[in-house]
1. Relative contact order for the chain: what is it in percent, counting Cα pairs under 8 Å that are at least 6 residues apart?
2. As a test of understanding, state the convex hull volume per residue of region 115-181 from its alpha carbons, in Å³.
3. How do Arg35, Arg24 stack up against each other in accessible area, from largest to smallest, with a 1.4 angstrom probe?
4. Could you list log10 I(q)/I(0) for the chain at q = 0.07 Å⁻¹, which the Debye formula gives when each Cα is one point scatterer?
5. Any idea what the dipole of region 240-324 comes to, in debye rounded to 20, about its Cα centre with Lys/Arg Cβ at +1 and Asp/Glu Cβ at -1?
6. When only alpha-carbon atoms are used, what values of Rg and Dmax, in angstrom, describe region 12-104?
7. Say we join alpha carbon atoms closer than 10 Å with springs in a Gaussian network model of the chain; which of Cys98, Cys68, Cys136 then has the biggest fluctuation?
8. When DSSP beta bridges are limited to those with both residues in the chain, what percentage is antiparallel, rounded to the nearest 5?
Amino acid sequence: MKIYYDDVFLQHKPNGYHPENPNRLKIIRKALEERGLWQNVVKPKKAKVEDLLKVHDEEYIDFIRKSCQNEDFIDSDTYVCRESWDSALTAFGCAIHCVEDAVENKDLHLALVRPPGHHAGKKKGVAFNAPSLGFCLFNNVAGAVVKAKEFFDRVLVTDFDVHHGNGTQEIFWGDLSIIHIDFHEYGIYPGSGYVDETDGSKVNIALPHYCNDDDYIYAWNEVVEPILADVKPKLVLVSAGFDAFKDDGLATMELTEKFYAFVGSRLRDYSVVAVLEGGYSIGLERGLPAFVEGYVEGYDVEGVRPSAKVVEIVKKLREIHDLR
Ligand SMILES: [Zn+2]
């Protein structure tokens, strides 16, 4: 496992309380240090504006650059400060850097970045009628997707953040070479990501409130595994949010270490680039290390008992995407 981290990610900070704050990375660092996992730390490369232009429109990039000249909220949820530009460019560059390394070395490449990215879309930032940018400035994982396309015909990105990765979906909507599989809680921010919302290669695992490990593991086994078996990627990109962990704070899902360790373990066959998205408290402290340990050590699960509602949703998804 390699960690990609820079103190510049602590510089993007709110004036007053905000759930998306530098302490998130301090929580992660402490949790990994306690487990002896804070090692192989790589200093990430910073992106250039020309890299951003492969994902976002120039007008939007200019808007963010100008906004970062002041300490301000750019919408109801999303703040910037003078240092945010450097943080955001380094976060975007970090995701690209991870892909460059991941194609050379099969391993888990963990991009511990801020600000997060998966809600940021192409044109105006805000994607699919979302009310805001949801704490995101540039779509870091989208930068990784574009870099990965230089090496592979098809690129697979999976997003287990509790919120729909509407920005990532918007940026690659209509591009069937990008497979985007997104787990999210239905009925919360940003409002998009219906089960039947697809262009053919976007898979929305929209789950009801209060789902647990078994619900998620069942959906992974029945939906994600057949797609992985079909695509046979060498590299898997992950929008790694940990806010579906029980009591993390922004949602109702009830995941524990079990699901994250399971997913880490299921991805051991691939080189993985995991780009941090959300996760605000206990999810970072316990979910993220479980994911890493699952990848490094493996993790077995047996006797999965999903709810009837989730079985129904999964059945629908398997029909929509012709999975067998
Ligand atoms: Zn989230």
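The values are calculated or read from the model by the stated rules, or taken from the named source; none is laboratory data. Everything quoted here is computed from the prediction, not taken from an experiment. Neighbour counts are summed over all protein chains in view; Cβ atoms, including those assigned to glycine, are modelled from backbone coordinates with ideal geometry. Accessible surface areas use protein heavy atoms only, side chains included; no ligands, DNA or RNA. Shrake-Rupley method; radii C 1.70, N 1.55, O 1.52, S 1.80 Å.
1. 18
2. With only Cα atoms used, region 115-181 gives 81 Å³ per residue.
3. Output order, biggest surface exposure first: Arg35, Arg24.
4. So the normalised log intensities are -0.23.
5. 400
6. Rg, Dmax (Cα atoms, Å): 15.4, 44.
7. Sorting by GNM fluctuation, first place goes to Cys68.
8. Values: 2 of 34 bridges.
The antiparallel fraction comes to roughly 5 percent.
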